[in-house]
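Remarks on the structure that follows.
The values are calculated or read from the model by the stated rules, or taken from the named source; none is laboratory data. Nothing here was measured: the structure is a model prediction, and the numbers come from that model. Methodologically, a virtual Cβ is constructed for each residue, glycine included, from the backbone with ideal geometry; neighbour enumeration extends over all protein chains shown. These area figures cover heavy atoms from the full protein model, side chains too; ligands, DNA and RNA do not enter into them. Shrake-Rupley method; radii C 1.70, N 1.55, O 1.52, S 1.80 Å.
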Number of protein chains: 2
Amino acid sequence: MKKQTIKEILQDYKKVLHHDITVYGWVRAFRSNRFIALNDGSTINNLQIVVDFENFDEELIKKISTASSLKVVGEVVESQGAGQTVEIIAKKIIILGDNFTEELQSTILQPKKHSLEKLREQAHLRFRTNVFGAVFRIRHAVSFAIHSFFNKNQFFYINTPVITGADAEGAGEMFGVTNFDLNNMPRTEEGEIDFSQDFFGKKTNLTVSGQLEGETAAMGLGRIYTFGPTFRAENSNTTRHLAEFWMIEPEVAFNNLEDNIDLAEDFLKYVIQYVLDNCKDDLEFLDKRFEEEQKSKPEKERAKEGLIEKLQNVIAKRFKRVSYTEAIEILLNSKENKKGKFVYPVEKWGTDLQSEHERYLVEKHFECPVVLFDYPKEIKAFYMKLNDDNKTVAAMDVLFPGIGEIIGGSEREARLDVLKQKMADMHVDEHELWWYLDTRKFGSVPHAGFGLGLERLILFVTGMTNIRDVIPFPRTPKNAEF
Amino acid sequence: MKKQTIKEILQDYKKVLHHDITVYGWVRAFRSNRFIALNDGSTINNLQIVVDFENFDEELIKKISTASSLKVVGEVVESQGAGQTVEIIAKKIIILGDNFTEELQSTILQPKKHSLEKLREQAHLRFRTNVFGAVFRIRHAVSFAIHSFFNKNQFFYINTPVITGADAEGAGEMFGVTNFDLNNMPRTEEGEIDFSQDFFGKKTNLTVSGQLEGETAAMGLGRIYTFGPTFRAENSNTTRHLAEFWMIEPEVAFNNLEDNIDLAEDFLKYVIQYVLDNCKDDLEFLDKRFEEEQKSKPEKERAKEGLIEKLQNVIAKRFKRVSYTEAIEILLNSKENKKGKFVYPVEKWGTDLQSEHERYLVEKHFECPVVLFDYPKEIKAFYMKLNDDNKTVAAMDVLFPGIGEIIGGSEREARLDVLKQKMADMHVDEHELWWYLDTRKFGSVPHAGFGLGLERLILFVTGMTNIRDVIPFPRTPKNAEF
């Protein structure tokens with residue numbers, strides 16, 4: 001790329017000091033008709049442009065306002081003012097695009113503080129704000145760190161299908177995909193909708209997980225991961241749910257549950273360390289934002305740690321590994337449970353854990369990330385390996401402070417007979433999954449994997465609280481704008 | 001990762017020579033009851049396991065056959081035979097999973113040559129073959145190279161929505177997405193289907209391109225790229241079309257058409273060089289396969305270059321940049337056109353180019369990749385920048401040997417009034433794209449981008465000829481298995 005970004009100019013300013021350079025960007029502020037804060041999206045930091053109005057046409061200066069786009073030629077000099085190392089003494093300014101000042105007033109680009117809700121309604125413009133610039137630059141860094149981690153460790157990226165004919169996993173309600181004219185669908189003689197005439201010759205849905213297909217790939221390539229969109233047609237209008245979100249699902253041949261937990265821990269620590277190393281400015285901005293936000297809360301609800309401190313702490317300690325059975329003991333004996341402080345009291349072994357229980361374990365009891373493993377078979381999916389106790393499966397959940405479950409995974413059931421029995425018990429159709437069963441017939445091997453919801457991890461890393469604010473164009477009930 | 005892959009063992013064999021190690025994999029062949037070729041998917045190369053049958057139970061040896069999965073402990077020694085540097089003298093062999101020998105005979109895992117069609121029907125097993133192992137390892141390398149290129153150049157990865165309420169770009173027929181029970185859809189008083197009661201409160205489709213949303217992100221973050229699934233509900237049962245495929249769409253603020261062409265050229269060369277550097281063994285295997293395939297063709301139809309040679313040549317030369325107008329002149333004056341050898345004769349300026357014309361330019365006339373630019377406005381999309389001649393738009397297509405168009409892009413129309421006029425001329429709904437128009441109202445800037453179909457590039461790099469063979473689970477008319 002021939003053009004220099006503002007990030008490059010500020011980082012390597014010594015290379016351009018006292019030279020004339022050309023910069024491009026949008027005006028974030030124009031102070032005293034003299035100082036322009038120019039931003040091009042490459043960094044949260046603005047480049048200060050100094051305009052000596054005597055050298056410029058008055059009409060031009062008048063036209064420059066917040067959100068204007070400019071091309072500026074000028075000399076890089078050491079800055080006199082506080083807040084920046086260098087600035088540009090403008091020699092030539094070209095306005096690239098007009099500003100519709102009146103309409104601008106109703107947008108989030110006007111210079112005042114907006115609520116996150118208001119910013120969300122203008123998702124196409126919010127990329128230009130400090131908060132969302134920081135969030136989406138970090139989202140990029142997290143994504144790149146994920147690919148880098150797996151590439152370093154000899155995993156192969158596999159694109160599992162988005163449109164699927166399978167409806168077997170039961171991870172959630174699915175969206176239908178069709179090419180029918182809904183006003184005029186072909187019918188069978190019995191009056192049923194004739195899906196054999198639809199595009200794919202059968203009923204199809206949007207995937208809820210690439211795991212089962214991913215397992216078949218791992219049975220050939222050894223170590224694979226998916227990184228793609230997944231969907232839930234659930235009418236959950238909460239700060240934690242999206243109808244369309246991105247999932248990462250590694251699957252590793254020859255790995256057992258312990259290997260799987262090791263992988264999850266190494267993986268999360270690598271990604272978080274990468275963000276700490278590569279997104280310093282954006283993190284510092286979000287750290288301050290997080291601190292401000294905490295101040296507005298009642299003291300009891302405030303976070304114990306700052307954002308960056310929290311990330312550092314997660315990396316510093318080994319995750320605590322606790323069996324489900326131990327966890328239930330801890331919860332049963334906890335003051336919280338005895339005093340009835342849980343909304344869902346813990347009564348006995350076998351009950352599914354709620355978010356409040358997970359957070360108690362992580363935030364109060366162990367004060368570090370916790371990996372729970374060996375869950376009762378009844379509350380986990382059919383493909384998880386049955387343990388020798390015949391009561392539990394080799395499942396694992398990684399629980400993070402403030403967020404609860406961030407990773408869920410398991411060693412898979414590699415024995416054909418046991419898998420078939422579990423499918424029968426849990427009413428999963430064998431015929432539909434003929435191909436999945438095949439992998440247990442011809443050189444079946446122990447293997448394990450997990451799923452990570454990308455947006456959950458971005459929430460954790462950015463300190464944002466609404467999942468709609470960490471994906472560029474959120475899809476939620478009654479909302480598919482843009 | 002604690003376990004060593006066969007790739008690591010073979011690459012760094014000096015570290016383990018004369019040591020006992022543990023390896024895992026699937027049997028590719030078991031020769032003379034003595035030599036096992038073990039593969040774990042990490043590389044196309046097998047690790048030879050030497051079995052002295054006197055040291056092992058006869059029953060165990062009998063059970064080992066093609067497709068068996070093994071855990072082997074043994075000593076790494078220098079190999080006596082040809083074809084490998086080191087081998088393992090087995091001390092302990094554990095069979096990990098049973099083989100259903102009878103069923104195995106009907107699968108592609110039996111030891112004989114299978115047609116690509118047959119392999120495609122068992123997409124869940126074909127990862128274990130040499131061809132598909134190589135193809136999917138290269139697909140990973142290409143994907144990682146793409147992310148690396150953009151990350152190095154300060155682009156941010158943006159996930160544009162898969163489910164979209166917009167239907168405006170008109171890049172192709174779209175699949176509908178719905179949560180309705182199709183047997184019982186709510187109706188308005190007028191008897192129309194009441195989409196306001198569907199999940200998103202409106203009619204929604206699967207995206208055909210993330211470009212328009214990507215542009216809005218580039219208007220804040222500067223340089224962005226998408227890498228995600230896109231969809232076409234077109235009934236094209238060809239070797240070149242998929243209903244679900246992966247697209248990469250970079251978009252860059254402040255770039256003009258020439259910058260855009262430079263970016264496309266740098267990008268393609270980086271990715272191809274990366275594959276040459278990182279996928280040597282797989283490329284050599286595919287190179288031989290390609291050569292064999294050419295031998296079975298009539299001499300006139302054979303490729304001039306080998307696979308690796310072709311990749312090296314693409315990198316070596318600067319892409320030839322030719323305006324559409326020049327290209328039409330060349331085609332009009334070509335022997336092929338004059339002698340009526342084109343299926344679609346070229347008659348005048350303004351006609352759209354067919355694949356045969358593109359391939360003539362690349363393979364016969366210039367003998368190198370060609371970038372065509374400045375196309376007639378009538379045959380290109382509404383969002384492309386109108387040139388000063390008022391006849392052409394700042395579009396560009398990159399044409400590759402053997403494949404035709406591999407990249408299509410343009411500088412975008414940044415002027416609101418011109419864009420609106422073009423939308424009116426081409427019947428694109430302004431109201432639906434209110435958010436897209438907003439980016440031209442508040443600090444509009446010149447910008448440019450392009451789209452690359454991932455599978456087209458993988459076809460080119462691997463020498464495969466059917467697009468269904470370069471995506472793990474192809475989606476085509478009447479086919480959504482797995």
(request) Tell me which residues, restricted to region B:42-84, are within 14 Å of chain A (Cβ to nearest Cβ) and small (Gly, Ala, Ser). (result) B:Ser42, B:Ser65, B:Ala67, B:Ser68, B:Ser69
(request) May I ask you to list the residues in region A:353-383 that are open to solvent by less than 80 Å² (accessible area, probe 1.4 Å) and in a loop (DSSP other than H, G, I, E, B)? (result) A:Leu353, A:Gln354, A:Cys368, A:Pro369, A:Lys380, A:Ala381, A:Phe382, A:Tyr383
(message) Just to be sure I understand, how many residues within region A:258-284 are among the hydrophobic types (A, V, I, L, M, F, W, C) and open to solvent by 20 Å² or more (accessible area, probe 1.4 Å)?
(response) 1
(message) Given the options A:Thr238, A:Thr230, name the one that is of a type in the set (Val, Ile, Thr), more than 8 Å from every other protein chain (Cβ to nearest Cβ) and open to solvent by 30 Å² or more (accessible area, probe 1.4 Å).
(response) A:Thr238
(request) Take region A:66-83 and flag every residue that is open to solvent by less than 50 Å² (accessible area, probe 1.4 Å) and assigned to a loop (DSSP other than H, G, I, E, B). (result) A:Thr66, A:Ala67, A:Ser68, A:Ser79, A:Gly81
(request) Please work out if B:Ala134 is outside any helix (DSSP H, G or I) and not acidic (Asp, Glu). (result) no
(message) Which count do you get for residues in region A:97-113 that are open to solvent by 30 Å² or more (accessible area, probe 1.4 Å), in a loop (DSSP other than H, G, I, E, B) and within 9 Å of chain B (Cβ to nearest Cβ)?
(response) 2
(request) Using the structure shown, decide if A:Lys63 is among the basic types (Lys, Arg), open to solvent by 20 Å² or more (accessible area, probe 1.4 Å) and farther than 30 Å from A:Leu311 by Cβ. (result) yes
(request) Exactly one condition in (1) surrounded by 21 or more Cβ atoms within 10 Å (Cβ to Cβ); (2) facing another protein chain (nearest Cβ under 10 Å) is not met by A:Glu87; state its number. (result) (2)
(request) Using the structure shown, decide if A:Ala480 is more than 10 Å from every other protein chain (Cβ to nearest Cβ) and crowded, with 21+ Cβ neighbours inside 10 Å. (result) no
(message) Step by step: first the residues of region B:1-27, then only those that are within 20 Å of B:Ala134 (Cβ to Cβ) and free of Cβ contacts under 8 Å to residues at least 40 places away in the same chain, then the one that is farthest from the other protein chains (Cβ to nearest Cβ). Which residue is that?
(response) B:Gln11
(message) Take A:Lys338 and tell me if it is of a type in the set (Lys, Arg) and farther than 21 Å from A:Gly404 by Cα.
(response) yes
(request) For region B:186-217, enumerate the residues that are touching a residue at least 24 places away in the same chain (Cβ under 8 Å) and of a type in the set (A, V, I, L, M). (result) B:Leu206, B:Val208, B:Leu212, B:Ala217
(message) Let me spell it out: the conditions are (1) touching a residue at least 12 places away in the same chain (Cβ under 8 Å); (2) closer than 24 Å to A:Lys385 by Cα; (3) facing chain B (nearest Cβ under 9 Å), and A:Gly220 meets all of them except one. Which number is the exception?
(response) (1)
(request) Would you check which residues across region B:151-169 are part of a loop (DSSP other than H, G, I, E, B) and within 21 Å of the chain's Cα centre (by Cα) and list them? (result) B:Phe155, B:Ile158, B:Asn159, B:Thr160, B:Pro161, B:Val162
(request) Kindly check whether there is at least one residue in region B:375-387 that is without any contact (Cβ under 8 Å) to a residue 60 or more places away in the chain and in contact with a Pro (Cβ under 9 Å, 6 or more places away or on another chain). (result) no
(request) Have a look at A:Lys348, A:Lys304, A:Lys300 and point out the one that is outside any helix (DSSP H, G or I), out of contact with any Pro (no Cβ under 8 Å at 6 or more places or on another chain) and modelled with pLDDT under 95. (result) A:Lys304
(request) For region A:36-46, indicate whether the set of residues that are of a type in the set (Val, Ile, Thr), open to solvent by 10 Å² or more (accessible area, probe 1.4 Å) and in contact with a Pro (Cβ under 9 Å, 6 or more places away or on another chain) is non-empty. (result) no
(message) Looking at A:Ile406, A:Ile471, can you tell me which residue is more than 13 Å from chain B (Cβ to nearest Cβ) and in contact with a helix residue (DSSP H, G or I) (Cβ under 7 Å, 6 or more places away or on another chain)?
(response) A:Ile406
(message) Going through A:Phe155, A:Phe136, A:Phe149 one at a time, which residue ends up being in contact with a Lys or Arg (Cβ under 7 Å, 6 or more places away or on another chain) and either farther than 30 Å from B:Lys478 by Cβ or modelled with pLDDT of 95 or more (or both)?
(response) A:Phe155
(request) Having 3 or more residues that are under 30 Å from A:Leu372 (Cβ atoms) is the bar; report the strands (runs of 3 or more DSSP E) wholly within region A:170-277 that clear it. (result) A:223-231, A:244-253
(message) Among (1) within 9 Å of chain A (Cβ to nearest Cβ); (2) open to solvent by less than 40 Å² (accessible area, probe 1.4 Å); (3) of a type outside the set (A, V, I, L, M, F, W, C), there is one condition B:Ser209 misses while meeting the rest; what is its number?
(response) (1)
(request) Being closer than 28 Å to A:Val470 by Cβ and either outside the structural domain of B:Leu457 (by the TED database) or open to solvent by 10 Å² or more (accessible area, probe 1.4 Å) (or both) narrows it down to one of B:Phe200, B:Phe180, so name that one. (result) B:Phe200
(request) Kindly indicate whether any position in region B:401-419 is of a type outside the set (Ser, Thr, Tyr), at positive phi, in contact with an Asp or Glu (Cβ under 9 Å, 6 or more places away or on another chain) and in the same structural domain as B:Asn260 (by the TED database). (result) yes
(request) Restricting attention to region A:141-165, report how many residues are open to solvent by 10 Å² or more (accessible area, probe 1.4 Å) and facing another protein chain (nearest Cβ under 7 Å). (result) 7
